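The values are calculated or read from the model by the stated rules, or taken from the named source; none is laboratory data. Because the structure is a prediction, the values reported are computed rather than measured. Because the Cβ atoms are built from the backbone with ideal geometry, glycine has one as well, and the counts that use them run over all protein chains shown. When the accessible area is computed, the model is the full protein with side chains, heavy atoms only, and any ligands, DNA or RNA have been set aside. Shrake-Rupley method; radii C 1.70, N 1.55, O 1.52, S 1.80 Å.
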Amino acid sequence: MAPVVVLVGAPGCGKTTVGRALADTLSVEFRDTDIDIEQMAGKPIPEIFIDEGEAHFRTLERAAVAAALAGGTGVLALGGGAVLAEETRAALVGHRVVYLSVELPDAVKRVGLGAGRPLLAINPRATLKHLLDQRRPLYAEVATETVTTDGRTPAAVVAEIAALLPR
């Protein structure tokens, strides 16, 4: 079994909000690998970063993504940095992957000052700009479709994605 669709994109693009609404629209389950990681670790992601560091988090993330791709049947949202791992990018080949594109102004509005987002704890705007610049080519590499989210409601984004999926 494989997910119906995998959502990728930067923090603030709407993966969780759009993913939940899309899953409801399609009458399928929603799965977020960040939630899977927290359940595996028994603690929130910011605590994983503080206690064990980013490298440990990325190890958990690769495992969570592999498991979700192998056993998911609904809408799957990957953490913003999941595409950094070459093995994750390779694992996404053959899946329907929608890149939810967002530009810096909208991303900043949506993530606020980075509360609960460890990589955005210091200078969120500059860090988010760096993350967007660094990761955009990787999101585009794995995407089978790109949907722009700037200035759009989650419902409009969901409708566009749903129209892209086979009936």
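Just order 26-34, 93-101 by mean Cβ neighbour count inside 10 Å, highest at the front, would you? Write down the numbers at each step before the final one.
Details: 26-34: 17.7, 93-101: 19.2.
Result, highest mean first: 93-101, 26-34.
Using θ = phi - 60° and the Karplus form 6.51 cos²θ - 1.76 cosθ + 1.60, what ³J(HN,Hα) does each residue of the stretch 6-14 get, whole Hz, x for Gly and Pro?
10, 9, 10, x, 6, x, x, 7, x
Counting residues in the stretch 5-164 as N, plug N into 2.2 N^0.38 Å and put the Cα Rg over that result.
Dividing the Cα Rg of the stretch 5-164 by 2.2 N^0.38 Å gives 0.97.
Go ahead and estimate [θ] at 222 nm for the chain from helices alone: -39,500 (n - 2.57) per DSSP H run with n ≥ 4, summed, over the residue count, rounded to 500.
Values: 8 runs with 90 residues, N = 167.
Calculated from helices alone, the mean residue ellipticity at 222 nm is -16500 deg cm²/dmol.
Ordered by residue, what ³J(HN,Hα) values in Hz, to whole numbers, does the stretch 73-82 give under the Karplus form 6.51 cos²θ - 1.76 cosθ + 1.60, where θ = phi - 60° and Gly and Pro are x?
10, x, 8, 10, 9, 9, x, x, x, 4
Can you work out ³J(HN,Hα) from phi for every residue in the stretch 142-149, in order, using Karplus 6.51 cos²θ - 1.76 cosθ + 1.60 and θ = phi - 60°, giving whole Hz and x for Gly and Pro?
Along the stretch 142-149, the couplings run 8, 6, 9, 8, 10, 10, 7, 10 Hz.
So what's the net charge close to residue 93: Lys and Arg +1, Asp and Glu -1, counting the other residues with Cβ under 15 Å from its Cβ? Present the calculation step by step, with values, prior to reporting the outcome.
Values: positive: 89, 96; negative: 86, 87, 141, 145.
Taking every Cβ under 15 Å from that of residue 93, the sum is -2.
By average Cβ neighbour count within 10 Å, what is the ranking of 63-75, 142-154 from highest down?
Working: 63-75: 18.2, 142-154: 16.5.
Final packing ranking: 63-75, 142-154.
Expressed in nm to one decimal, what extension gain is obtained for the pair residue 127 and residue 56 from 0.36 nm per residue of sequence separation less their Cα-Cα distance? Mind dumping the intermediate values first?
On the way: separation 71, 0.36 × 71 = 25.56 nm, distance 2.06 nm.
Net length gain for the segment: 23.5 nm.
If one computes the Cα centroid of the stretch 129-147 and of the stretch 18-40, what distance in Å separates the two points?
A separation of 20 Å, based on Cα centres.
For the chain, what % of the accessible area comes from carbon and sulfur atoms, probe 1.4 Å? Display every interim value, and only then the final one.
Details: 4430 of 7910 Å².
Of the solvent-accessible surface of the chain, carbon and sulfur hold 56 percent.
Would you mind counting up the charge near residue 152? Only other residues with Cβ under 10 Å from its Cβ, with Lys and Arg at +1 and Asp and Glu at -1. It would help to have the intermediate numbers written out before the result.
Numbers: positive: none; negative: 106, 150, 160.
Net charge in that neighbourhood comes out at -3.
Using the heavy atoms of the protein chains alone and a 1.4 angstrom probe, what is the accessible area of the stretch 5-164 per residue in square angstrom?
Numbers: 7270 Å² over 160 residues.
Accessible area per residue: 45 Å².
From the C-alpha coordinates alone, can you work out the Kirkwood hydrodynamic radius of the stretch 1-82, in Å?
Numbers: mean 1/r = 0.0779 Å⁻¹.
It is 12.8 Å.
Figure the gain on full extension for residue 35 and residue 136 (residue separation times 0.36 nm, minus the Cα-Cα span) and round it to one decimal in nm.
Working: separation 101, 0.36 × 101 = 36.36 nm, distance 2.31 nm.
That works out to 34.0 nm of additional length.
What is the sum of charges, Lys and Arg at +1 and Asp and Glu at -1, for the other residues whose Cβ falls under 14 Å from the Cβ of residue 73? Working shown, then result.
On the way: positive: 31, 96; negative: 29.
Net charge in that neighbourhood comes out at +1.
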